[in-house]
Amino acid sequence: MSTAESQFEQFRADRIAEVTAPRGALALVLTQWDQPGEPIPDEATALAGFPATAELTRLSRPHIDSGDMQHGYRVWQQDSPAAQAFEGIGSYDYDPNWVITGRFEFVDADRVVPFEHIRDGGALRRHAVSGDLVFTHEGTEYRVEALDTTLPSGPGLQLVFADKTNGAESYGAGRFLYVQLPDLGRALKTGDVLPVTLDFNTAEIPPCGFSNQMNCPLPPLRNRLPFPVRAGETKVQYAEGFSL
């Protein structure tokens, strides 16, 4: 087994550990948001009716319409119905042809782009997208919008994409791909171009594939690739008869 294949197998094992963790996506059984100005329920009230092992975490965000601060909470249950029915994560075999060299073209640190989310009923939320992610597939150049994010190893990008495998072969709402940015040792400025590697073998099913209480961003039109990406995770495998 090559080094790349060994790293892929480690990625697969890490993903199982991630989604089955006490606060992994499979454990999320409730996301509740209060309207701005409403009293925040205490922990006992929020956890009423849940098992004693359930855990509570707090959330806050700007309200999608007013921009006022909105508070909420999540309830986690490691032995949730989804966790009990979980049998694995389907995946394509490792394919070195899906490790693609591309580039990130920095535009503006304050640039934001609207993204639809799966639980927002078509409304849009704005995310930091400070530049364009560019790569070539079979001779055609594609320019996509990737969200700014922080990876364990430093600054990176989160590509929310769709492709021709969605639905029949892979998760219907699209997949995520995380891309590491190189460290220049200084702040980026307009016009900077950074080499990046897109390893589609590490494409992930988004958290909403493991819990219907997750509110994942959906691929914008620009990120809907007109070809099949037969690499990375495909579908969550649940026991027969189980559905989110």
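The values are calculated or read from the model by the stated rules, or taken from the named source; none is laboratory data. Computed from a predicted structure; not experimentally measured. Positions of Cβ are generated from backbone atoms using ideal geometry, with glycine treated the same way; all protein chains shown enter the neighbour counts. These accessible areas exclude ligands, DNA and RNA; they are computed on the full protein's heavy atoms, side chains included. Shrake-Rupley method; radii C 1.70, N 1.55, O 1.52, S 1.80 Å.
Results, tabulated for the structure shown:
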quantity: Of residues in the stretch 63-77 being in contact with a Lys or Arg (Cβ under 9 Å, 6 or more places away or on another chain) and of a type outside the set (Lys, Arg), the one nearest to Arg125 (Cα to Cα); calculated: Ile64
quantity: Count of the stretch 123-162 residues which are open to solvent by 10 Å² or more (accessible area, probe 1.4 Å), without any contact (Cβ under 8 Å) to a residue 40 or more places away in the chain and either closer than 26 Å to Gly88 by Cα or touching a Ser or Thr at 6+ places or on another chain (Cβ under 7 Å) (or both); calculated: 4
quantity: Restricting the stretch 83-114 to residues that are in contact with a Leu (Cβ under 6 Å, 6 or more places away or on another chain) and under 20 Å from Asp132 (Cα atoms), the residue that is most open to solvent (accessible area, probe 1.4 Å); calculated: Pro114
quantity: Residues (under 16 Å from Asp108 (Cα atoms), in contact with an Asp or Glu (Cβ under 9 Å, 6 or more places away or on another chain) and among the β-branched types (Val, Ile, Thr)) located in the stretch 135-164; calculated: Val144
quantity: Some residue of the stretch 83-105 being farther than 25 Å from Thr165 by Cα and polar (S, T, N, Q); calculated: yes
quantity: Selection from the stretch 56-74 of residues that are outside any loop (DSSP other than H, G, I, E, B), open to solvent by less than 70 Å² (accessible area, probe 1.4 Å) and of a type outside the set (Gly, Ala, Ser); calculated: Leu56, Thr57, Leu59, Arg61, Gln70, Tyr73, Arg74
quantity: Residue in the stretch 31-44 that is modelled with pLDDT of 95 or more and open to solvent by less than 40 Å² (accessible area, probe 1.4 Å) present; calculated: yes
quantity: Members of the stretch 163-185 that are in contact with a strand residue (DSSP E or B) (Cβ under 8 Å, 6 or more places away or on another chain), assigned to a loop (DSSP other than H, G, I, E, B), open to solvent by less than 50 Å² (accessible area, probe 1.4 Å) and not acidic (Asp, Glu); calculated: Thr165, Tyr171, Ala173, Gly174, Leu181
quantity: Every residue from the stretch 186-236 that is open to solvent by 70 Å² or more (accessible area, probe 1.4 Å) and of a type outside the set (A, V, I, L, M, F, W, C); calculated: Arg186, Lys189, Thr190, Pro195, Thr197, Asn212, Arg222, Arg224, Pro226, Arg230, Lys235
quantity: Single residue of Ala13, Ala17, Ala4 found to be part of a helix (DSSP H, G or I) and at pLDDT below 95; calculated: Ala4
